[in-house]
Amino acid sequence: MLNQAEFPQQQTKPTLDLINLTVLFIAVLILSFAAIFIKLSENELGPNATIFNRLWIASLTLLMWKGINRARNTRPHDSEVQPKSWTIRDLALFVVACGISALCLLSWAWSLTQTSVSNSNLLHNLTPVFATIGDCLFLGRYFDGKFLIGLALASGGAIAVGVEDLQVSPEHFIGDAVALLSAVFYAGSFLISEQLLKKFSVTTILLCNCAVGCLLTLPIVLLNENKVFPNSGLGWLAVIGLGVLCQVIGQGIITYSLKNFSAGFVSLFLLLEPIITAIFAWEIFGERLSILNWVAFFVVLAGIYLAKSGKGAEQ
């Protein structure tokens, strides 16, 4: 007979999986407001200034959080604790991670000025494909057929939303190429964060990414845009929402989720974001929401469920 003590252990993993997936879904809900905040912000600011404000507000918030945690955890014996040692590999990973994160944001923002929004979003939604390829090539992770079918199904559902508005034109070639490149950068940031989480906290990783991205973005804003900061309460509310809700909380949960799930699966789960954004825009701005959007939502969900039940979704 089975030992009765085994039953709680058998129940633990499904329960933890459900909790982790629920937390990941909450992060996607939060990130779905990013497009709405950006739309409100860009009534006053350019795309680069919007990113700059998002990053410096996030950096300040993360610094305050680290300061509060340090003050809370200070004890007489803390001085005896040796700081975590940094290696050359750690520094190299942080430099690459910060550079890729900044390039992802900047390339996607610039692509929106060179091609249509639908083209940019459609190509950016290919991130899970690149993340899965990167997981296989660089991290040696194995994905079975069930995961790959789920990946194809979810990606197809997300892409279908933008296909009807897709504009194929030589004039959009550069913008389309940059949008596709932003998907590669986004996938790369997931893969590197996966490695950094083995040694560093989510707060440290996010703070480095935001601070470096902020420093890289500022000269671009000063050279190309007329205004650096918003001048209305609604504008400030939008960039604070981007910085605190989307960058710190939303991206923080996404980064933490890489401890439990592979980069391929987390980026696949994020395919729900543009569809949920469309639903929010329908409610808030009265934008058109077609039957295709609803069908795509359930197709993406089916793909995520199939991928989760396959091999390669979890760490």
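The values are calculated or read from the model by the stated rules, or taken from the named source; none is laboratory data. Note that the structure is predicted; figures quoted are calculated from it, not measured. Note: ideal-geometry Cβ built from the backbone for every residue, glycine included; neighbour counts use all protein chains shown.
So for region 181-196 (the condition being within 30 Å of A92 (Cα to Cα) and in contact with a Lys or Arg (Cβ under 6 Å, 6 or more places away or on another chain)), does at least one residue qualify? Scanning region 181-196 turns up no residue that is within 30 Å of A92 (Cα to Cα) and in contact with a Lys or Arg (Cβ under 6 Å, 6 or more places away or on another chain). Of all residues in region 296-315, exactly one satisfies the criterion of being surrounded by 24 or more Cβ atoms within 10 Å (Cβ to Cβ) and either without any contact (Cβ under 8 Å) to a residue 40 or more places away in the chain or not in a helix (DSSP H, G or I) (or both), namely A313.
Being modelled with pLDDT of 90 or more and over 13 Å from the mean Cα position of the chain (by Cα) is the requirement here; does G252 meet it? Judged against the criteria, G252 is not a match. Looking only at residues of region 168-189 that are assigned to a helix (DSSP H, G or I) and either out of contact with any helix residue (DSSP H, G or I) (no Cβ under 7 Å at 6 or more places or on another chain) or of a type in the set (D, E, K, R) (or both), we find that the one that is surrounded by the most Cβ atoms within 10 Å (Cβ to Cβ) is D176.
Screening V221, V239, V228 for residues that are under 13 Å from P47 (Cα atoms), touching a residue at least 60 places away in the same chain (Cβ under 8 Å) and surrounded by fewer than 18 Cβ atoms within 10 Å (Cβ to Cβ) leaves exactly one candidate, V228. Here E44 fulfils each of the conditions (1) closer than 20 Å to T203 by Cβ; (2) at pLDDT 80 or above apart from (1).
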